[in-house]
Amino acid sequence: MSTVASTPALVSPAHAPFPVALYGLNLAMCGFAFWILRIELARQHRHDPEMSEYHSRVQLKNLFSGFLYLSAAALAHVSVYISYFIYVLIPVIYFLPEKKLAADSE
């Protein structure tokens, strides 16, 4: 993830499709890396059904975000503003509380 900030700076002009697409590809790789991490976490917690279910749900969210980032990278050549919207949408999805965690804390 340390390359995320430098990717658009390497191939500058602002709002050009190529740097925006490259940024999306970089973020997609990060999303898929977190998906692989969650696979391992779910495997390590396979004896605890509650934690295994939680990791499986988050694992799906990571996979979904990776594919959203890939679609944003492809859509950068159509409109960079669509890609920007998707890049902002994904962190918003992660900041929303999960129903099961919110119910357990009450």
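Here, each number is a calculation from the coordinates, and none is a lab measurement. For clarity, every value in this text was computed on a predicted model and none was experimentally measured. Cβ placement follows ideal geometry from the backbone for every residue including glycine, while neighbour counts extend to all protein chains displayed.
Could you rank the peptides 53-62, 36-45, 87-96, 22-31 by their average count of other C-beta atoms within 10 Å per residue, with the highest value first?
Descending mean neighbour count gives 22-31, 53-62, 36-45, 87-96.
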Next item on the list: Could you calculate the contour length gain from His45 to Phe85, that is, 0.36 nm times the residue separation minus the distance between their Cα atoms, to one decimal place in nm?
Entry: 10.9 nm
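Under the classification rounded if a/c is under 1.5, otherwise prolate if a/b is larger than b/c and oblate if not, where does region 38-84 fall, given a ≥ b ≥ c as square roots of the Cα gyration tensor eigenvalues? The partial results should precede the final answer.
Details: a/c = 6.82, a/b = 4.31, b/c = 1.58.
Note, shape of region 38-84 comes out prolate.
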